[in-house]
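Visitor: Below: one structure in structure tokens.
The values are calculated or read from the model by the stated rules, or taken from the named source; none is laboratory data. Please read these numbers as outputs of a predicted model, since none were measured by experiment. In this analysis, Cβ positions are derived from the backbone assuming ideal geometry, glycine residues included, and neighbour counts consider all displayed protein chains. For the accessible areas, the whole protein counts, side chains as well, though only heavy atoms, and no ligand, DNA or RNA atoms are used. Shrake-Rupley method; radii C 1.70, N 1.55, O 1.52, S 1.80 Å.
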Amino acid sequence: MTEQETNSTNHASGTDLEGQIERITYVNEETGYTVAKLRVSGYSEPVTIVGNLIAPAPGEMLKLRGAWQTHPKFGKQFIVATHQTIVPATVAGIRKYLGSGLIKGIGPVMASRIVKTFGERTLRVIDESIDELHKVEGIGQKRIEMIEKAWKDQKEIRDVMVFLQGHGVSPAYATKIFRRYGWESISVVSKNPYRLATEIFGIGFRTADKIAQELGFTKDAAPRAEAGVIYVLNDLSEEGHVYYPYEPLIDKAMEILGVEKEIIVQAIGAIAFEGRIVIEDLNQDLEKFQPNQKAVYLKPLHVSETGVALHLRRLITSPKSTRRIDAEKAVQWVQGKIRLSLAAKQIEAVKTASQEKVMVITGGPGTGKTTIINALIRIYRELGARILLAAPTGRASKRMSEATGYPARTIHRMLEFNPQKMGFQRDQDHPLEVDVLILDETSMIDTTLMYHLLKALPSHATLIMVGDVNQLPSVGAGNVLKDVILSGRAPVVELKDIFRQAGASRIVVNAHRINAGLMPEVSAKKARLEDFYFIEQDEPEEALGTVMELVCERIPKRFGLDPFDQIQVLAPMHKGLLGTESLNMKLQEALNPSSRELSRGVRTVRVNDKVMQVRNNYEKEVFNGDIGKITSIDLESQEVVVAYEGIPVRYEASELDEIVLAYAISVHKSQGSEYPAVVIPVLPQHYLLLQRNLIYTAVTRARRLVVVVGSKKALATGIRNDRIMRRHTHLSERLKYL
């Protein structure tokens, strides 16, 4: 039997350990993540403990529950699940505890004097009759007051932690709660634990609901119903809905919360009264009036959608800052400059953009969108106009710069996001200095980002929106490009003809075939290299094996492409054998099996892993969908560094839920990106999400090579399915009636 097994008590739910902190090796002030040495009675050497502790200090006595594990570099460690502070029992322990710096006003020398005076009574004296400290040499009234305050603060921190952990809150979440609410933590959590779901990242409704149940909140409590409605609306916004219809929202909330309709109705009324949601009547025609034909919005989304409509109207109805020109002459002039003859639709686009304030140019790959952008840049530069080019993602803006030779930025950088102020510096009070703004990949721009962008555009500016309306809509809520087109308020030029050079690419030709509802053409010739392949595999296990072989061996060998940086697997779903989660674990093991690694729960990341950011983090200036590579892992501090486009970004242990492996990503997350090669598994198990615009978007992400792996039946089913999942938005109607 080992020394640890002798001196710790084992339980089914974990192992108990008790001892005194001898040394703090590392502590993260924000998260409480701590590596420390614990002196345990009977052990010859201090034990290494790792976990989330609040305000740990040398000399502190802890009672821990957790589990032992052997770290490949640091050896045996005790992983802390829960902890509580206990009072040191010995004079030596008390002296070390007080002399650790834990209590402001008491250092090692003063601690020795106090303990010499009061012995084992020391802590009781400080807690109950602190004026007795006058008996100790060198302690005056001012120092007593300082000690009293510091002691009270430490006591309150521990009271909060005991309370939170006593009600099922993990140490990591308890630390976040204390950082957010401080001494108010117990009061906030006791009165309304559902606040945690909206105010603390990582604590969703379900976690808050568990805490609430521990605190005795009933199923039909008003705060629960109100938080539940907000949770459902947030969930629906992540599916792309800007609003949700009143009656279906009630049904969804009833199903999730398991309560009666009346409770949900009252909750909706209460949070609408507080201004957290907005309810809008959708009846336009009194003769066709329907009761409860209402839209329910989260307040920020209502502000964004109405703002997009108002600012677009402002732009459309204001005069241009650039002088009027002869469009015919401009077209002739620019064709000479770019040494190309423009097609009829391209000429129409150039003429419209030179005359209108707001317009849309839409078309698939190979239809000449970039040529039009280049022509417009030439014309407007000749007029002396201030031109800005922007796109929603770093990769899209980089491609735009490379294709035009003109600097392009992400929308966030253009609007000068300030992490300290958590807002954009460019707005209606500090507008962009621009006469012409050309936006690329506009289908990716969600309602909220478009609102912030339009706010910052001066009324005299010309706005040219370029994108492919047949791609998947934005990851965030809304369908802005499609809604602007449907409204009829801005002229639209749709490009359909494939140019000769692009027509030589089977990727381009098949993308247009898929968009037209036709199966892709695949050459039967095996001798020469093609750019579009379909490998038929009807069984998931065989398809998985083929995907692995393609990424790890066949494509690198035949096409000379790097499996890390140049091959991207795009999957329709997250779950299942051929979902992103399963594929990432398999590909990580095959491509990056033995690097320095860090495990958090069931997830493991390694140096050189390809990872993706999954939420907007404005402080770090990394955004949902950004892909990078892990360059270093500090096992002691549990910090990870990811390089995005060569720029290092540091993640603390508590922030690792913001990144996921990215050897395989969802088609949605691939928007705005281009990869030399994409591998796309398409099988019947994906049927819930198989639709034409998803397959079309996946294919159009590839520059040199597309390989589809799966069943012909599943591919045909997806291509036939042009019933795009409806997103509830009201933007096109708002624009029509402005």
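Visitor: Assuming 0.36 nm per residue, please report the length gained on full extension of the stretch Glu542 to Arg726 beyond their Cα-Cα distance.
Guide: 62.8 nm
Visitor: Which whole-number percentage describes the relative contact order of the stretch 656-738, with Cα contacts under 8 Å and a sequence gap of 6 or more?
Guide: The normalised contact order for the stretch 656-738 reaches 33 percent.
Visitor: Based on the inverse mean of 1/r over its pairs of different Cα atoms, what is the Kirkwood hydrodynamic radius of the stretch 463-504, in Å?
Guide: When all Cα pairs of the stretch 463-504 are included, the Kirkwood radius is 12.3 Å.
Visitor: Using a Förster radius of 22 Å, what is the FRET efficiency between Ser129 and Lys152 based on their Cβ-Cβ separation? Nearest 0.05, please.
Guide: Once the sixth-power term is evaluated, E becomes 0.95.
Visitor: Compute the Rg/Rh shape ratio of the stretch 636-738: radius of gyration over Kirkwood radius, all on alpha-carbon atoms.
Guide: My calculation of the ratio gives 1.11.
Visitor: Then there is this: What ratio of Cα Rg to 2.2 N^0.38 Å holds for the stretch 146-280?
Guide: Working it through for the stretch 146-280, the quotient is 1.20.
Visitor: Another one. Of Thr322, Thr90, which has the most accessible area with a 1.4 Å probe, and how do the rest follow in descending order?
Guide: Reading off the accessible areas and sorting them downward yields Thr90, Thr322.
Visitor: Could you run the Debye sum over the Cα atoms of the stretch 635-687, one equal point scatterer each and no solvent, and tell me log10 of I(q)/I(0) at q = 0.20, 0.21 Å⁻¹, two decimals?
Guide: Debye output, listed in q order: -0.91, -0.95.
Visitor: How big is the equivalent ellipsoid of the stretch 567-717 along its three axes, where each semi-axis is √(5λ) from the Cα gyration tensor, reported in whole Å from largest to smallest?
Guide: 29, 16, 13
Visitor: Any chance you could list the semi-axes, whole Å, largest first, of the equivalent ellipsoid that the Cα gyration tensor gives for the stretch 230-304, using √(5λ)?
Guide: 19, 16, 12
Visitor: Further question: Can you tell me the 0 to 90 degree angle between the C-alpha axis of helix 205-214 and the longest principal axis of the chain, rounded to 10?
Guide: It works out to around 30 degrees.
Visitor: A follow-up question, please. From the protein chains alone at 1.4 Å, what is the descending order of accessible area for Tyr33, Tyr26, Tyr737, largest first?
Guide: Highest to lowest solvent-accessible surface, that is Tyr737, Tyr26, Tyr33.
Visitor: Another question, then. Using alpha carbons only, how many angstrom separate the centre of the stretch 658-736 from the centre of the stretch 355-430?
Guide: 25
Visitor: Probe radius 1.4 Å, ligands and nucleic acids ignored: give me the carbon and sulfur share of the accessible area of the stretch 668-738 as a rounded percent.
Guide: 53
Visitor: In whole Hz and in residue order, list the ³J(HN,Hα) couplings for the stretch 408-418 that follow from phi through the Karplus curve 6.51 cos²θ - 1.76 cosθ + 1.60, θ = phi - 60°; x for Gly and Pro.
Guide: For the stretch 408-418, the Karplus-derived couplings read 10, 10, 6, 4, 4, 5, 4, 7, 6, 5, 10 Hz, x marking Gly and Pro.
Visitor: Assuming 1.002 mPa s and 20 °C, estimate D for the stretch 111-155 with Stokes-Einstein, Rh taken as the Kirkwood radius over Cα pairs, in µm²/s.
Guide: Here the translational diffusion coefficient equals 203 µm²/s.
Visitor: Something else about it: What's the center-to-center distance, using Cα atoms, between the stretch 112-160 and the stretch 243-289 in Å?
Guide: One Cα centre to the other: 56 Å.
Visitor: Separate question: Using only the Cα atoms of the stretch 446-519, what semi-axes does the equivalent ellipsoid have when each is the square root of 5 times a gyration tensor eigenvalue? Give whole Å, largest first.
Guide: 29, 15, 11
Visitor: Oh, and also: Quick one: pull the percent of accessible area on the stretch 109-245 belonging to carbon and sulfur, 1.4 Å probe, ligands and nucleic acids left out.
Guide: 48
Visitor: Suppose all protein chains stay in the model; what accessible area per residue would a 1.4 Å probe give for the chain, in Å²?
Guide: 46
Visitor: So if I restrict to the alpha-carbon atoms in the stretch 297-354, what is the Rg, and what is Dmax, the biggest pairwise distance, in Å?
Guide: Both quantities, over Cα of the stretch 297-354: 17.7, 52 Å.
Visitor: Please state the shape class of the stretch 235-358: rounded when a/c is under 1.5, otherwise prolate if a/b exceeds b/c and oblate if not, all from the C-alpha gyration tensor.
Guide: It is prolate, given that a/c is not under 1.5 and a/b is the larger ratio.
Visitor: Turning to a different aspect of this structure: Between Ser459 and Val303, take the C-beta separation as r, use R0 = 22 Å, and let me know the FRET efficiency to the nearest 0.05.
Guide: E between Ser459 and Val303, to the nearest 0.05, is 0.65.
Visitor: Could you state the angle between the C-alpha long axis of helix 222-238 and the longest principal axis of the C-alpha atoms of the chain, as a value from 0 to 90 degrees rounded to the nearest 10?
Guide: With rounding to tens, the tilt is 40 degrees.
Visitor: Please state, as a whole number in µm²/s, the translational diffusion coefficient that the Stokes-Einstein equation yields for the stretch 56-135 at 37 °C and 0.692 mPa s, with Rh defined as the Kirkwood radius across alpha carbon pairs.
Guide: 231
Visitor: Roughly speaking, what is the centre-to-centre gap between the stretch 69-88 and the stretch 305-343 when only Cα atoms are used, to the nearest Å?
Guide: Cα centroid to Cα centroid, the span is 65 Å.
Visitor: Assuming R0 = 41 Å, can you tell me the calculated FRET efficiency for the pair Lys73 and Arg313, based on Cβ-Cβ distance, to the nearest 0.05?
Guide: 0.10
Visitor: Please give the contour-minus-distance gain from Glu494 to Lys736: 0.36 nm per residue of separation, less the Cα-Cα distance, rounded to one decimal in nm.
Guide: Extending this stretch completely gives an extra 85.1 nm.
Visitor: With an 8 Å cut-off on Cα pairs and a minimum separation of 6 or more residues, tell me the relative contact order of the chain in percent.
Guide: 10
Visitor: Continuing with the same structure: Roughly how tilted is helix 171-181, in degrees to the nearest 10 and between 0 and 90, from the longest Cα axis of the chain?
Guide: The angle comes out at about 80 degrees.
Visitor: Moving on. Please report, as a whole percent, how much of the solvent-accessible surface of the stretch 273-372 comes from carbon and sulfur atoms (probe radius 1.4 Å).
Guide: Carbon and sulfur together cover 51 percent of it.
Visitor: Right, something else. Within 10 Å, count the other beta carbons around each residue, average over each peptide in 139-148, 389-398, and list them highest first.
Guide: 389-398, 139-148
Visitor: What share of Cα pairs, in percent, lie more than 21 angstrom apart in the stretch 531-619?
Guide: When every Cα pair of the stretch 531-619 is considered, 38 percent fall beyond 21 Å.
Visitor: Only four residue types carry charge here, +1 at the Cβ of Lys and Arg and -1 at the Cβ of Asp and Glu. Report the dipole size of the stretch 329-443 about the Cα centre in Debye, rounded to the nearest 20.
Guide: With only Lys, Arg, Asp and Glu charged at Cβ, the dipole is about 380 debye.
Visitor: Quick check: pseudo-label points 7 Å beyond the Cα along Cα→Cβ at Asp562 and Thr198, how many nm apart are they?
Guide: Distance between label points: 4.6 nm.
Visitor: Expressed in nm to one decimal, what extension gain is obtained for the pair Ala221 and Tyr26 from 0.36 nm per residue of sequence separation less their Cα-Cα distance?
Guide: 66.0 nm
Visitor: Over every pair of different alpha-carbon atoms in the stretch 682-734, take the mean of 1/r and invert it; report that Kirkwood radius in Å.
Guide: 12.5
Visitor: Right, something else. Return, ordered by residue number, the residues of the stretch 297-323 whose backbone nitrogen is under 17 Å from a label point located 7 Å along Cα→Cβ of Asp281.
Guide: It comes to 297, nothing else.
Visitor: Please compute P(r) over all alpha-carbon pairs of the chain, binned at 20 Å starting from zero, and give each bin as a whole-number percent.
Guide: 14, 39, 32, 12, 2
Visitor: Next up: Would you kindly calculate the translational diffusion coefficient of the stretch 317-467, applying Stokes-Einstein with the Kirkwood radius from alpha carbon pairs, for 20 °C and a viscosity of 1.002 mPa s, and quote it in µm² s⁻¹ without decimals?
Guide: In µm²/s, the coefficient rounds to 136.
Visitor: Let me ask another. Can you list the lysines whose alpha carbon is less than 25 Å from that of Lys586, not counting same-chain residues fewer than 8 positions off?
Guide: List returned: Lys73, Lys557, Lys575, Lys610, Lys629, Lys669, Lys712.
Visitor: Also, I was wondering about something else. What nm distance separates the two modelled labels at Lys398 and Ala504, each placed 7 Å from Cα along Cα→Cβ?
Guide: About 2.7 nm separates the two model spin labels.
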